[in-house]
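The values are calculated or read from the model by the stated rules, or taken from the named source; none is laboratory data. None of the values given here were measured: they were computed from a predicted structure. Cβ sites come from the backbone with ideal geometry, for glycine too, and all protein chains shown count toward neighbours. What goes into the accessible areas is simple: the full protein's heavy atoms, side chains included, and nothing from ligands, DNA or RNA. Shrake-Rupley method; radii C 1.70, N 1.55, O 1.52, S 1.80 Å.
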Amino acid sequence: VQLVESGGGFVQPGGSLRLSCAASGSIDDINAMVWYRQAPGKQRELVALATSGGATNYADSVKGRFTISGDNAKNTVYLQMNRLKPEDTGVYFCNIVSRKDTYWGQGTQVTVSS
């Protein structure tokens, strides 16, 4: 199973983007769906997490602006990003953790700049 992210791009501060992460096949026994990001020269950081039980968690820097969601029927994870800031710039990676394995996407670039 491969994960493919899309939806990244260039946006002005205050704008919105919706990232998608589509799995090429079904993934059973998912424990968590996670979005990470990596800014230039910085370590990869967790942005948003959703557990199979419905709990969500967000980095303090994105709380109230980003929302993670999933569509099991489409094997897709989303990250809705609103009121974007220049410091949100980076490569965003999707990660799905199942009972048996962990899956990563290749990343999608998000650039927030005026």
Total formal charge among the other residues, if their Cβ is under 9 angstrom from that of Arg99, Lys/Arg +1 and Asp/Glu -1: -2
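If you roll a 1.4 Å probe over segment 47-109 with all protein chains in place, what percent of the accessible area is carbon or sulfur?
Working: 1530 of 3220 Å².
Taking all protein chains in place, segment 47-109 shows 47 percent carbon and sulfur surface.
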Go through Lys63/Lys100; Lys42/Lys74; Lys42/Lys63 and tell me which ones have a Cα-Cα distance over 28 Å in this structure. Lys63/Lys100; Lys42/Lys74
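Could you list the square roots of 5 times each eigenvalue of the Cα gyration tensor of segment 2-45, that is, the equivalent ellipsoid semi-axes, sorted largest first and rounded to whole Å? Could you put the intermediate results ahead of the total?
Values: eigenvalues 118, 46, 18 Å².
Semi-axes from the Cα gyration tensor: 24, 15, 10 Å.
What area, in nm² and to one decimal, does the C-alpha convex hull of the chain cast on average over all directions?
So the mean shadow area of the Cα hull is 6.6 nm².
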Rounded to the nearest 20 debye, dipole of the chain from Cβ charges on Lys, Arg, Asp, Glu: 220 debye
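First measure r as the distance between the Cβ atoms of Ser16 and Thr51, then evaluate 1/(1 + (r/R0)^6) with R0 = 35 Å and state the FRET efficiency to the nearest 0.05.
Step by step, r from the Cβ atoms, then E = 0.90.
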Using the heavy atoms of the protein chains and a 1.4 angstrom probe, tell me the accessible area per residue for the chain in square angstrom. 54 Å²
